[in-house]
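Chemist: Below is a structure I'd like to ask you about.
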Amino acid sequence: MTLKNSISFLLLVALLVGFSACEETKYDITPYTGDNFYRFTSSGTAIFEDDPMPIEIPVRYSTTDGSSGSVEFEISGGAAGTDYEILNSSNTLSFDAGSGYQDVIRIQPVYNQPSASDAVLEITLTNPQNGVAGFPGPDGNNSTYLLTIKNECTRIPVGGTYVSLTTGQSTDGCCPDEVANHASVVTITDNGDGTYEVSDFSAGLYLEWYDVYGVTADLPLPVTLTVDGSVVTISGSEPFGTSVSGSGTYEKCSGAITYTWSNGYSDTGTVSLTLQQ
């Protein structure tokens, strides 16, 4: 064999070895033939009691024959109507090919002031039809789900005397410079109808700007405050006849309120209120 032929032969052997090494290793896969089963996709989670949106807890049905099925759920722990509300029309979940063999448990947490502790709900799958609850086996894993509804803090009600810090900008020629961190005192009174009255929406800025036009410390500057969860809005009018509106936030744990307002002259201000203890 010539040298040239020897090299060609060795290259051929190397290629054959390479092709052989690239061949896939094949395994025999034994299909699952056990019970159909229902399961939660995780063991649990935690939410806050003032979360505005309900939680959706998925449950899946694994079926070997493509058949439909149903399973019920029970909840222990907490108090229905006080800690949570079930939004499902019944406690039965249904599964078929059209739903992708998945259904959800929908729970809305309820803010229940005052509450000193978290609520822990244990949700258990029961009465499975055409299957078993949880992964097959003696432990029945994922047949229960723990939902913790956390009490983040005790809500501080709106109302009382507040220390204010205000920054604002007038559009009037009398006072073109921005006022920053102006300190004052504001009172908020509960109207008894779900709204509140703020004694001075500007928190002292109007007196700072417009005393040249007759604004005095005795002049009332009230507006109506509404609180929806963590969102506040104000509405009313100011001494020169234009409307005042604004919006901001209410921090339930501290009682702090912050809002930004504007009037018909495009004056603006941002007011931060801290409740006096």
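The values are calculated or read from the model by the stated rules, or taken from the named source; none is laboratory data. Bear in mind the structure is a predicted one, so any value in this text is a computation, not a measurement. Cβ atoms come from the backbone with ideal geometry, glycine included; neighbour counts cover every protein chain shown.
Chemist: Find the strands (runs of 3 or more DSSP E) located wholly in the range 56-104 whose residues include 1 or more that are in contact (Cβ under 8 Å) with a residue 40 or more places away in the chain, of a type in the set (D, E, K, R) and in the same structural domain as GLU122 (by TED's automatic domain parsing), and list them.
Modeler: 69-76
Chemist: If SER237 meets every condition in (1) out of contact with any Ser or Thr (no Cβ under 6 Å at 6 or more places or on another chain); (2) more than 17 Å from LEU273 (Cα to Cα); (3) surrounded by 12 or more Cβ atoms within 10 Å (Cβ to Cβ) apart from one, which number is that one?
Modeler: Status for SER237: all satisfied but (1).
Chemist: Can you name the number of the only condition in (1) touching a residue at least 60 places away in the same chain (Cβ under 8 Å); (2) closer than 30 Å to ASN151 by Cβ; (3) surrounded by 15 or more Cβ atoms within 10 Å (Cβ to Cβ) that TRP261 fails?
Modeler: (2)
Chemist: What are the residues in the range 48-64 that are of a type in the set (A, V, I, L, M) and within 8 Å of the chain's Cα centre (by Cα), if any?
Modeler: MET53
Chemist: When only residues in the range 39-54 that are in a strand (DSSP E or B) and of a type outside the set (A, V, I, L, M, F, W, C) count, which is nearest to SER143 (Cα to Cα)?
Modeler: So the residue we want is ARG39.
Chemist: Does VAL215 satisfy being assigned by TED's automatic domain parsing to the domain that holds THR258, in contact with a helix residue (DSSP H, G or I) (Cβ under 6 Å, 6 or more places away or on another chain), crowded, with 16+ Cβ neighbours inside 10 Å and aliphatic (A, V, I, L, M)?
Modeler: So VAL215 fits the description; yes.
Chemist: Is it true that some residue in the range 154-163 is assigned to a strand (DSSP E or B), modelled with pLDDT of 95 or more, of a type outside the set (D, E, K, R) and at positive phi?
Modeler: Checked the range 154-163: at least one residue is assigned to a strand (DSSP E or B), modelled with pLDDT of 95 or more, of a type outside the set (D, E, K, R) and at positive phi.
Chemist: Same structure again: Please count how many residues of the range 218-234 are surrounded by fewer than 20 Cβ atoms within 10 Å (Cβ to Cβ) and of a type outside the set (Asp, Glu).
Modeler: The total comes to 10.
Chemist: Among the residues that make up the range 172-184, is at least one of them part of a strand (DSSP E or B) and under 29 Å from SER117 (Cα atoms)?
Modeler: Checked the range 172-184: no residue is part of a strand (DSSP E or B) and under 29 Å from SER117 (Cα atoms).
Chemist: Could you check the range 189-212 and list, in sequence order, the residues that are buried (at least 19 other Cβ atoms within 10 Å of the Cβ) and out of contact with any helix residue (DSSP H, G or I) (no Cβ under 9 Å at 6 or more places or on another chain)?
Modeler: Result: TYR196, VAL198, PHE201, ALA203, GLY204, LEU205, TYR206, TRP209, TYR210.
Chemist: Does at least one position in the range 112-126 carry a residue that is out of contact with any Ser or Thr (no Cβ under 6 Å at 6 or more places or on another chain) and at positive phi?
Modeler: Scanning the range 112-126 turns up no residue that is out of contact with any Ser or Thr (no Cβ under 6 Å at 6 or more places or on another chain) and at positive phi.
Chemist: Suppose we filter the range 185-202 for residues that are in a loop (DSSP other than H, G, I, E, B), in contact with a Ser or Thr (Cβ under 9 Å, 6 or more places away or on another chain) and free of Cβ contacts under 8 Å to residues at least 60 places away in the same chain; how many remain?
Modeler: 3
Chemist: Look at ILE107 and say whether it is at pLDDT 95 or above, closer than 30 Å to PRO157 by Cβ and in a strand (DSSP E or B).
Modeler: For ILE107, the condition - at pLDDT 95 or above, closer than 30 Å to PRO157 by Cβ and in a strand (DSSP E or B) - is met.
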